[in-house]
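Student: Dropping the structure in here first, questions after.
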Amino acid sequence: MRSVAIDGPSGAGKSTISRAVAGRVGFLYVDTGALYRVVGLRFLRTGELGLDTLDLTMDFRDREQRVYDCGEDVTEEIRRHDVSKAASDCSALPEVRRFLLERQRELARRHDVIMDGRDIGTVVLPDADLKIFLTATPEDRAQRRYEQLGEHAPAFETVLRDIIERDKNDSARALAPLRAAPDAILLDTTGNTFEQSAALIERCIRERFSLS
Ligand code: DC
């Protein structure tokens, strides 16, 4: 199976770009942040991690990833702004990372994947065929997140402050911190349109796997 790892901080465009490019090249798009978000949502709801009772499942009907906790479809709810912070906090815990690691690897064993996250090229798939590290300035990323949140968005300054805080959280943790793999291609998407970044990544993938 072939694998592409796309890592980088929040709001750099990883998920929208990865999803679109995966469709164009026929790979399965796997959003690993969604798994951490299910854990974060559980924590917000119950005040505990409860990994032993967390029945986290995914499916990919029509190549769209949906996530479930004990059969409840939480795909939309995990996008809530407060879930982002909870997911980031939970993701620093070794038992959470251990719990999710094998699930991610299993998907890459079964499918050609474009997998996005923070530690895909460094920890989850260190032998990925292609690694890309996507970044952009905090202001650019906050603007994108702000637009994504639409009517539910808090003030722009809050989104910016939270993004800077979350970067710090994700980069400073001892375990699998947000970091570019030494063999990753670094791509700064600041000021790019979505299509410019998507086309660039699509070209990298087509070249790497000799796709026409
Ligand atoms: O990509 P996202 O914003 O949906 O991810 C939510 C949080 O999950 C993020 O702040 C850090 C964590 N995460 C992680 O630690 N490792 C990953 N591979 C993906 C996400």
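Student: Hey, rough spin-label estimate for GLU157 and SER212, points 7 angstrom out along Cα→Cβ, what's it come to in nanometres?
Tutor: 5.7 nm
Student: Using C-alpha positions alone, give me the convex hull volume of segment 134-212 per residue in cubic angstrom.
Tutor: Hull volume over Cα atoms, normalised by residue count, gives 123 Å³.
Student: Give me the lysines in straight-line cross-link reach of LYS131: C-alpha distance below 20 Å, same-chain residues under 8 apart excluded.
Tutor: Straight-line reach from LYS131, under 20 Å: LYS14.
Student: Same structure again: Nearest 20 debye, what's the magnitude of the dipole of the chain about its Cα centre given +1 on Lys and Arg Cβ and -1 on Asp and Glu Cβ?
Tutor: It works out to roughly 440 debye.
Student: Taking the mean number of other Cβ atoms within 10 Å as a proxy for protection, how do you rank 32-38, 61-67, 86-92, 104-110 from highest to lowest?
Tutor: The densest-packed peptide leads the list: 32-38, 86-92, 104-110, 61-67.
Student: Let me know the Kirkwood hydrodynamic radius for the chain, please, with Cα pairs as the basis and the value in Å to one decimal.
Tutor: About 17.3 Å for the chain.
Student: Aspartates and glutamates near LYS168 by alpha-carbon distance under 18 Å, same-chain residues fewer than 8 away left out - which ones?
Tutor: ASP7, ASP82, ASP89, ASP119, GLU139, ASP140, GLU157
Student: Arrange PHE27, PHE209 by Cβ neighbour counts within 10 Å, fewest through most, would you?
Tutor: Fewest to most other Cβ atoms nearby, the residues stand as PHE209, PHE27.
All of the numbers you see were taken from the coordinates with simple rules; none came from a lab. The model shown is predicted, which means the values in this text are computed figures rather than measured ones. All Cβ positions, glycine included, derive from the backbone under ideal geometry; neighbour counts span all protein chains shown.
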